[in-house]
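Report on the following structure.
The values are calculated or read from the model by the stated rules, or taken from the named source; none is laboratory data. In this text the structure is predicted, and so the values were computed from the model without any measurement. A quick note on method: Cβ atoms are made from the backbone with ideal geometry, for glycine too, and the neighbour counts reach across all protein chains shown. For accessibility, only protein heavy atoms count, side chains too; no ligands or nucleic acids. Shrake-Rupley method; radii C 1.70, N 1.55, O 1.52, S 1.80 Å.
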Amino acid sequence: QVPVLAVEHVKKTFGKTDVLKDITETVHNGEVICLIGPSGAGKSTFLRCLNMLDEPTAGSVVFEGNDLTKMDDKHLDQLREEMGMVFQSFNLFPHMSVLENIKLAPMKVKGVDDATATKTANALLDQVGLADKADAFPANLSGGQQQRVAIARALAMNPKVMLFDEPTSALDPEMVGEVLKVMQDLASEGMTMVVVTHEMGFARNVADKVWFMADGYIQESATPSAFFDHP
Ligand code: ADP
Ligand code: ADP
């Protein structure tokens, strides 16, 4: 089976700092991977290299057989549409309703018609438990609700893989669970996911594989049980 993502000897240097030193890993269809490790290890940079938000200094990132490091911008943009990304900060458009936020990319980028986009957006809102918030504006939602909208918005592009960069780190503690629940549901539906997180409970219970990163390397790649129970 061809991996969804294959990272080969990726390095990333900022100025004189080697942030990613030599990373080779694969992500297979339906896999949930939690990328954990100390602050400054390079987790966020690595995640951003997977969709070329950060361009690797060396090595290749192969997404469904296409080497993203060798693509022209047009093809890269097309492939990026198949990778949903959720950040620590929700980045919703403040002047748009929840529904409009979710509909925007499918309509603008994919040319989906209004009625279809509305139908999909409402179904996604239902999926993230916010069916009654379609007409609300981001400022009137809690952080946990905004992050669930951000997840719905990423899903609206029908991605093949979802990348999460510390999706619960900016939330008040009481809202972390509702976002993790949505992510867990997504995982159990078979979504391929790479999640940078400090939520060890999520990593232990939901991940198929844990990547432990420190000092610019993935030092260990193991099942949660091997990682947490037999360290
Ligand atoms: P983590 O996500 O594990 O906390 P990061 O990938 O955010 O780690 O950062 C790893 C290192 O790379 C840090 O020292 C950070 O300051 C540095 N870094 C990240 N992005 C940049 C950038 N755009 N320019 C320079 N240094 C950066
Ligand atoms: P996070 O902890 O959410 O990864 P950071 O504060 O590490 O956020 O980084 C926020 C942004 O600043 C990112 O785009 C990152 O690439 C950039 N960045 C981080 N460290 C540096 C740095 N030392 N110099 C320049 N840009 C940086």
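Observations on the structure shown:
- Since only Ala58, Val4, Ser39 are under comparison, the one whose Cα sits farthest along the positive direction of the charge dipole of the stretch 1-69, derived from C-beta charges on Lys, Arg, Asp and Glu, is Ser39.
- Peptides 38-50, 2-14, ordered by how many other C-beta atoms sit within 10 Å of their residues on average, highest first, read 38-50, 2-14.
- Model label points for Asp22 and Gln219, set 7 angstrom from Cα along the Cα-to-Cβ axis, are 1.8 nm apart.
- Using C-alpha pairs below 8 Å separated by at least 6 residues, the relative contact order for the chain is 28 percent.
- Nearby lysines by direct alpha-carbon distance to Lys70 (threshold 18 angstrom, same-chain neighbours under 8 apart not counted): Lys11, Lys12
- As a length-normalised measure over Cα pairs under 8 Å and 6 or more apart, the relative contact order of the stretch 131-230 settles at 22 percent.
- Mean shadow area of the stretch 115-216 over all directions, Cα convex hull, nm²: 7.4
- By accessible area with a 1.4 Å probe, ligands and nucleic acids excluded, highest first: order of Arg153, Arg204: Arg204, Arg153
- Remark: the stretch 184-191, residue by residue, has Karplus-estimated 3J(HN,Hα) of 5, 4, 4, 4, 6, 7, x, 5 Hz, where x stands for each Gly or Pro and the curve is 6.51 cos²θ - 1.76 cosθ + 1.60 at θ = phi - 60°.
- Magnitude of the charge dipole for the chain, about its Cα centre and with charges confined to Cβ atoms of Lys, Arg (+1) and Asp, Glu (-1), is about 260 debye.
- Kirkwood hydrodynamic radius of the stretch 1-80, from inverse mean 1/r over distinct Cα pairs, in Å: 13.0
- Rounded to whole Å, sorted largest first: equivalent-ellipsoid semi-axes of the chain, Cα gyration tensor: 29, 21, 16
- Solvent-accessible area of the chain (1.4 angstrom probe, protein heavy atoms only): carbon and sulfur portion equals 49 percent.
- When Met213, Met175 are compared by accessible area of protein heavy atoms, the largest-first order is Met175, Met213, using a 1.4 Å probe.
- Residue-normalised accessible area of the stretch 85-193, given per residue in Å² at a 1.4 Å probe: 45
- Using alpha-carbon coordinates, inclination of helix 114-127 to the longest axis of the chain, degrees: 70
- About its Cα centre, the dipole of the stretch 177-231 is roughly 40 debye, where the only charges are +1 on Lys and Arg Cβ and -1 on Asp and Glu Cβ.
- Taking the stretch 1-134 and dividing mean pair separation by its residue count, relative contact order in percent (alpha carbons under 8 Å, at least six apart): 20
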